[in-house]
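Here it is, the structure, as structure tokens.
The values are calculated or read from the model by the stated rules, or taken from the named source; none is laboratory data. Bear in mind that the values here come from a model prediction, so they are computed numbers and not experimental data. Counting neighbours? That spans all protein chains shown, and the Cβs are built from the backbone with ideal geometry, glycine included.
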Amino acid sequence: MGLKPDHWIRRMAQEAAMIEPFTDGLKREGVISYGLSSYGYDMRVANEFKVFTDVYSAVVDPKDFNPKSFVDIITDDVCVIPPNSFALARSIEYFRIPRGVLCICLGKSTYARAGIVVNVTPFEPEWEGYVTIEISNTTPLPAKIYANEGIAQVLFLEADEGCAVSYADRKGKYQGQRGVTGPRA
């Protein structure tokens, strides 16, 4: 299994629509960077957020999730996450992962250095959809997340051979997700 360089990612984005929309090159002028980098792709966060709230005193249960745990926020520029809180968001980019590829996603250092942890689970072979992004504000202060700017870097690992059963084969529960998607049992 090997890490894939920028020319492979560019080719797969163009030939197989692996990333849509695709930004060829790193955009960084006045924004948290996004687009094609040397060995990955820096995806952007869309303007739709679900911020955790305790207004309704709901219990967080991943097997029986109560949508009242969140407040929906749609913004043109910034979402503020309360201190020691959490939000879900989605990527602007829609991903279609090839059968022989696994993606690992890591939060951008600009956010990490501000106490904001970005978590995204791996993109499995033949998974497709908008990426649900988990954003934790670990600080005792409110934290800004900038919509339409970079949030995390996706690394593409290609296997020496294809998997026996892909995410699409097993009809994974998050296949083709469109919006900010909460936990499903």
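Would you confirm whether any residue within region 77-84 is β-branched (Val, Ile, Thr), assigned to a strand (DSSP E or B) and modelled with pLDDT under 95?
No; the residues of region 77-84 include none that is β-branched (Val, Ile, Thr), assigned to a strand (DSSP E or B) and modelled with pLDDT under 95.
Here is a follow-up. (1) in a loop (DSSP other than H, G, I, E, B); (2) of a type in the set (A, V, I, L, M, F, W, C); (3) at pLDDT 90 or above: which one isn't true of Val60, the others all being true?
(3)
State which residue is surrounded by the most Cβ atoms within 10 Å (Cβ to Cβ) when the search covers only region 8-31 and only residues that are farther than 20 Å from Glu149 by Cβ and in contact (Cβ under 8 Å) with a residue 60 or more places away in the chain.
Start the filter on region 8-31 by keeping residues that are farther than 20 Å from Glu149 by Cβ, which leaves 8, 10-12, 14-18.
Now drop any that are not in contact (Cβ under 8 Å) with a residue 60 or more places away in the chain, which leaves 8, 12, 16-18.
Working: Trp8: 16, Met12: 20, Ala16: 11, Ala17: 13, Met18: 24.
Among them, the one singled out is Met18.
Can you tell me which residue in region 85-99 is farthest from Gly162 (Cα to Cα), limited to those that are modelled with pLDDT of 95 or more and either touching a His at 6+ places or on another chain (Cβ under 8 Å) or of a type in the set (Gly, Ala, Ser) (or both)?
Only one residue tops the list, namely Ala87.
Please state which of the following conditions Ile32 fails to meet, knowing it meets all the rest: (1) part of a strand (DSSP E or B); (2) closer than 30 Å to Leu141 by Cα.
Among (1) part of a strand (DSSP E or B); (2) closer than 30 Å to Leu141 by Cα, the lone unmet condition for Ile32 is (1).
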